[in-house]
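The structure appears below as structure tokens.
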Amino acid sequence: MAEFFTFMSAPAAGCIILSIIFTYFGCHVLKREIVFVDLSMAQLAALGATIAFIMEIELDTPESFVISVLFVLVGGAFFTWTRSFSHRVPQEAVIGIVYIVAASAALLLSSFSVHGDEHLKTMLSGSILWTSWKDVIRQLAVSLIVAVLLVIYHKKIEEQSLSYRSLRTTGISSFWKWDFLFYVLLGMVIVFFIKTAGIFTIFTFLIIPATCAALFVDQLFKQFVVGSILAIAVSLIGLTLSFYLDLPTGATLVCSFGATFFIALILSKFRFSGQG
């Protein structure tokens with residue numbers, strides 16, 4: 001047990017931060033029906049990191065973060081702009097196109113490096129087992145800054161999330177800045193988690209806890225609370241399984257959340273069947 005706490009305390013702390021901040025965004029993403037925006041933003045951040053990698057810039061350096069942030073900002077601006085076309089083209093189609101192009105570009109660029117395959121694997125699955133306390137402190141600091149901004153502007157962000165479908169037909173003249181702010185804040189968090197968590201794990205923390213919570217509660221804040229508690233519990237279980245069974249940490253976390261989703265789906269089916 002002492003060995004577990006020695007090796008897994010920092011990854012566990014990182015997972016707790018992941019659980020809270022990404023569940024919040026996940027609840028809003030579900031309401032906005034832009035489920036794959038996280039994948040696209042994460043892939044854009046990874047593309048920026050890949051460009052830095054090709055330029056022989058270390059992932060943990062300020063230069064690498066700046067490049068990733070620039071790609072996230074451009075992505076956020078692009079998604080905000082293309083929302084004005086959503087009456088003709090679904091936003092999810094645009095998000096999917098950005099994801100596949102960014103992923104292909106990263107794959108293409110990685111082919112120019114001897115260690116490109118290893119870099120791509122890190123971007124996809126992360127290295128959460130090797131999360132250090134330095135990483136945790138940095139992630140906590142960024143998450144707290146983002147959380148403060150979310151608290152300050154929560155009324156506007158929540159109002160937009162709850163009426164996102166109807167607002168699609170009104171254009172972006174009145175709401176574009178809140179749309180852009182939402183994308184930028186989500187992107188900032190992704191940039192600081194992409195190296196340790198990876199694209200797959202980030203998407204898992206964003207979508208599955210929020211989805212499970214939405215199966216049982218309707219109110220947005222309650223979904224956030226239930227989803228956060230669930231995410232923390234499942235991630236700690238996943239870390240424990242990974243440690244004692246000597247399994248890949250990222251994949252174990254994703255599969256643990258996947259199993260939780262199917263259990264929640266079955267329980268919700270029985271619950272509502274009983275009410276009927």
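Computed values, structure above
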item	result
Filtered residue count, region 35-51, keeping only those that are within 21 Å of Phe112 (Cβ to Cβ) and either in contact with a His (Cβ under 7 Å, 6 or more places away or on another chain) or modelled with pLDDT under 90 (or both)	1
Residue selected from region 205-226 under the condition of a type in the set (Phe, Trp, Tyr) and surrounded by fewer than 23 Cβ atoms within 10 Å (Cβ to Cβ), by the criterion nearest to the chain's Cα centre (by Cα)	Phe224
Qualifying residue in region 215-237 (condition: farther than 26 Å from Thr6 by Cβ, out of contact with any His (no Cβ under 6 Å at 6 or more places or on another chain) and acidic (Asp, Glu))	yes
Condition met for Met55 (modelled with pLDDT of 85 or more and over 19 Å from Ile199 (Cα atoms))	yes
In region 63-89, residue nearest to Met41 (Cα to Cα) [restricted to those that are touching a residue at least 24 places away in the same chain (Cβ under 8 Å) and outside any helix (DSSP H, G or I)]	Ser86
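Yes/no per residue for (1) hydrophobic (A, V, I, L, M, F, W, C); (2) in a loop (DSSP other than H, G, I, E, B); (3) touching a strand residue (DSSP E or B) at 6+ places or on another chain (Cβ under 8 Å); (4) under 21 Å from Leu44 (Cα atoms):
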residue	(1), (2), (3), (4)
Ile194	yes, no, no, yes
Phe203	yes, no, no, yes
Ile207	yes, no, no, yes
Cys212	yes, no, no, no
Asp218	no, yes, no, no
Ala251	yes, no, no, no
Gly258	no, no, no, no
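The values are calculated or read from the model by the stated rules, or taken from the named source; none is laboratory data. Just so you know, these numbers come straight off a predicted model, no measurement behind them. Positions of Cβ are generated from backbone atoms using ideal geometry, with glycine treated the same way; all protein chains shown enter the neighbour counts.
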